[in-house]
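Some notes on the structure that comes next.
The values are calculated or read from the model by the stated rules, or taken from the named source; none is laboratory data. Here the structure is a predicted model, which means the values were calculated and not measured. We place every Cβ from the backbone using ideal geometry, glycine too, and count neighbours over all the protein chains shown.
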Amino acid sequence: MNILVVDDEQIIVLGILKRLKQISNVSINCVGAYSGEEALQIMENFTPNLIITDLKMPNISGFDLIAQVKGKQICDKFIVLTAHEEFEFARQAVKYQVVDYLLKPVDWSILEKYVREMDLVPLALAKVEEVLGKYDDLFIKPNYEKMVPALKKIIHYIDAKFNCDISLTQLSIYTGMSENSICNLVKKELGITFLDYVYQMRLKKAMKILIEEPSKKVKDIAIQVGYHSDRQFFRLFKNKLNMTPEHFRKINSFN
């Protein structure tokens, strides 16, 4: 596993690198950077599986770094470090789909737990697909090969923006179709409403995260897949799968 540690305080970077190298039974290749700029330079020749980054850094902040890395599709797993336990930091962290955020000084046992869990993920991919396959009958599976071009454009937009506030107005502008035409086409071709398809996309993504990231809080997963209220997410999840997110995670745990 390749891990990049980024912080403008050298002592923190060196401390984390030392701790990572002490984790037993996990093959880790870790590199440190002391700024966002240096991190981007390092990633020209080093592809990390996980980036551990401070938030408050000069010029390129932690969130700016994450945005650039995700935009270049270099890495999609992040842990952010912060000295402030504020909701907005947490919300931003979830928005950027980080593994979690840790308060300074770092709790080494928690960091080690995250790293060990991530090391198991590649080995568990087949298991994840097997688990999700058991629930296929509950969800619509669009046939892209037989799909009309207009519907393909709608589905592509929803798939790409599932964790955002998707509105028919935005979709109408994107597709050049009226809102009524969009709703009628989705209903005719898929047999469900536009909103139901959005909900299904979000729930399927949430199910995957619940299995792959056992330490992530359910309320954070709700935000990550596009819900502002964990209560709404909880209700929709239970209505669709006839169980709570916690129970789904428990019965499908790798342990």
task: May I ask you to list the residues in the range 225-245 that are in a helix (DSSP H, G or I) and of a type outside the set (A, V, I, L, M, F, W, C)?
output: Asp230, Arg231, Gln232, Arg235, Lys238, Asn239, Lys240, Pro245
- request: Find the residue count for the range 63-72, including only residues that are in a loop (DSSP other than H, G, I, E, B) and more than 20 Å from Met1 (Cα to Cα).
  value: 0
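Filter the range 165-193 for residues that are free of Cβ contacts under 8 Å to residues at least 40 places away in the same chain and not in a helix (DSSP H, G or I); which is farthest from Leu241 (Cα to Cα)?
So in the range 165-193, the residues free of Cβ contacts under 8 Å to residues at least 40 places away in the same chain come out as 167-188, 193.
So of that shortlist, the ones also not in a helix (DSSP H, G or I) come out as 167, 176-178, 193.
On the way: Ser167: 25, Gly176: 35, Met177: 33, Ser178: 33, Thr193: 18 Å.
If we take residues in the range 165-193 being free of Cβ contacts under 8 Å to residues at least 40 places away in the same chain and not in a helix (DSSP H, G or I), then Gly176 is farthest from Leu241 (Cα to Cα).
Take the residues in the range 85-102 that are in a loop (DSSP other than H, G, I, E, B) and over 13 Å from Ser61 (Cβ atoms); name whichever of them is modelled with the lowest pLDDT. Full working, then the answer.
Step one: filter the range 85-102 for residues in a loop (DSSP other than H, G, I, E, B), giving 85-86, 96-99.
In the following step, the residues that additionally are over 13 Å from Ser61 (Cβ atoms) were identified as 85-86, 97-99.
Details: Glu85: 59, Glu86: 54, Gln97: 60, Val98: 63, Val99: 60.
Taking the candidates together, the pick is Glu86.
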query: Can you tell me how many residues in the range 103-146 are part of a helix (DSSP H, G or I) and either of a type in the set (Phe, Trp, Tyr) or at pLDDT 75 or above (or both)?
result: 22
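Would you confirm whether or not the range 62-69 contains a residue that is free of Cβ contacts under 8 Å to residues at least 40 places away in the same chain, closer than 21 Å to Glu117 by Cβ and outside the structural domain of Ile209 (by TED's automatic domain parsing)?
Let us first name the residues in the range 62-69 that are free of Cβ contacts under 8 Å to residues at least 40 places away in the same chain, namely 63-64, 66-69.
Cutting the leftovers down to closer than 21 Å to Glu117 by Cβ gives us 66, 69.
Still in the list and also outside the structural domain of Ile209 (by TED's automatic domain parsing): 66, 69.
There is at least one residue in the range 62-69 that is free of Cβ contacts under 8 Å to residues at least 40 places away in the same chain, closer than 21 Å to Glu117 by Cβ and outside the structural domain of Ile209 (by TED's automatic domain parsing).
Report yes if some residue within the range 42-62 is within 20 Å of Asp100 (Cβ to Cβ), assigned to a helix (DSSP H, G or I) and either of a type outside the set (Lys, Arg) or at pLDDT below 95 (or both); otherwise report no.
Our first condition is that a residue be within 20 Å of Asp100 (Cβ to Cβ); within the range 42-62, this holds for 48-57, 61-62.
Filter once more, so that each one left must be assigned to a helix (DSSP H, G or I): 62.
If we keep only those that are either of a type outside the set (Lys, Arg) or at pLDDT below 95 (or both) as well, we get 62.
Yes: one or more hits.
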field: Where Val131 falls short, out of the listed (1) of a type outside the set (Asp, Glu); (2) surrounded by 15 or more Cβ atoms within 10 Å (Cβ to Cβ); (3) in contact with a Ser or Thr (Cβ under 9 Å, 6 or more places away or on another chain)
entry: (3)
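Hey, could you check the range 1-18 for residues that are within 25 Å of the chain's Cα centre (by Cα) and closer than 19 Å to Pro58 by Cα and say which is surrounded by the fewest Cβ atoms within 10 Å (Cβ to Cβ)? Show your work before the answer.
First pass over the range 1-18, keeping only residues within 25 Å of the chain's Cα centre (by Cα): 1-7, 13, 16-17.
Filter again for closer than 19 Å to Pro58 by Cα, leaving 4-7, 13.
On the way: Leu4: 25, Val5: 26, Val6: 30, Asp7: 25, Val13: 20.
Filtering first and then ranking leaves Val13.
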message: Six or more apart or on different chains, Cβ atoms under 8 Å: show the pairs whose first residue is in the range 149-164 and within 18 Å of Lys187 (Cβ to Cβ) and surrounded by fewer than 18 Cβ atoms within 10 Å (Cβ to Cβ) and whose second is at pLDDT below 90 and of a type in the set (S, T, N, Q).
response: none
